[in-house]
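One structure is given here, and the rest of the page talks about it.
The values are calculated or read from the model by the stated rules, or taken from the named source; none is laboratory data. Just so we're clear, the structure is a prediction, and the values are computed from it rather than from any experiment. Here the Cβ positions follow ideal geometry from the backbone for every residue, glycine too, while neighbour counts run over all protein chains shown.
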Amino acid sequence: MLRKNSIALIFWCILSLLLVSCSLITPTPTATTGDTVKVSYLGTLDDGTVFDSTEKSGKLFEFTLGKKQVISGFETAVTGLKVGEIKEITLTPAEAYGEHRDDLVKPFPVTSFSEKVNEGDLVNLVREDGRETVARAVLVADDAILVDFNHPLAGKTLHFKITLEEIVK
């Protein structure tokens, strides 16, 4: 009888310890809209070329979920992650920088530029509303320069490996 009571007592002690320890465990926070988060990531193209990474920049990437500070597919991927969780995603052009648009490739007279421009150069231009914009010279002729206003990653499928490092709040 004593042995039976001892086993029951031990069982209840173990069960009590488990219940107490479980109540002390705090759940890992999940990234939600409005949270400021810090992530590390590696971004590659279909051919494996790295186009960007936090390792390259040497610092974590910080942004606030829901404020449209990043491309939509990236934000969607981070929302719901727990700290330390890793997610690999593939984004179509529509989820990233959009399709390449031919109407954003425009000719300008060479006289529009104060300095010599070569193919591939980034050029600063002033828009009609007075704001500056950057574009890439894609073709240089004697009398005109063809300038592409598309984002350099427009029309490309992007692959990311993302790790949620911290929720700043």
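Observations on the structure shown:
- Matching residues in the stretch 28-52 - criterion: being over 22 Å from residue 93 (Cα atoms) and assigned to a loop (DSSP other than H, G, I, E, B): 28, 29, 31, 32, 33, 34, 35
- Residue count for the stretch 49-100 under the criterion of being in contact (Cβ under 8 Å) with a residue 40 or more places away in the chain and closer than 23 Å to residue 137 by Cα: the result is 7.
- Check on residue 103, over 29 Å from residue 141 (Cβ atoms), acidic (Asp, Glu) and not in a strand (DSSP E or B): no
- Any hit, the stretch 119-127, residues being surrounded by fewer than 16 Cβ atoms within 10 Å (Cβ to Cβ), in contact (Cβ under 8 Å) with a residue 24 or more places away in the chain and either in contact with a His (Cβ under 6 Å, 6 or more places away or on another chain) or not assigned by TED's automatic domain parsing to the domain that holds residue 45 (or both): no
- Unique residue being in contact with a strand residue (DSSP E or B) (Cβ under 8 Å, 6 or more places away or on another chain) and on the phi > 0 side of the Ramachandran plot when the list is 80, 66, 48, 58: 80
- Looking only at the stretch 65-96, residues that are acidic (Asp, Glu) and loosely packed, with under 13 Cβ neighbours inside 10 Å come to 1 in all.
- Residue list for the stretch 140-169, restricted to those being of a type in the set (Gly, Ala, Ser), surrounded by fewer than 16 Cβ atoms within 10 Å (Cβ to Cβ) and not in a strand (DSSP E or B): 141, 155
- Assessment of the stretch 96-108 against the conditions (hydroxyl-bearing (Ser, Thr, Tyr) and touching a Lys or Arg at 6+ places or on another chain (Cβ under 9 Å)) yields at least one matching residue.
- Residues in the stretch 115-149 that are at positive phi and touching a strand residue (DSSP E or B) at 6+ places or on another chain (Cβ under 8 Å): 120 alone.
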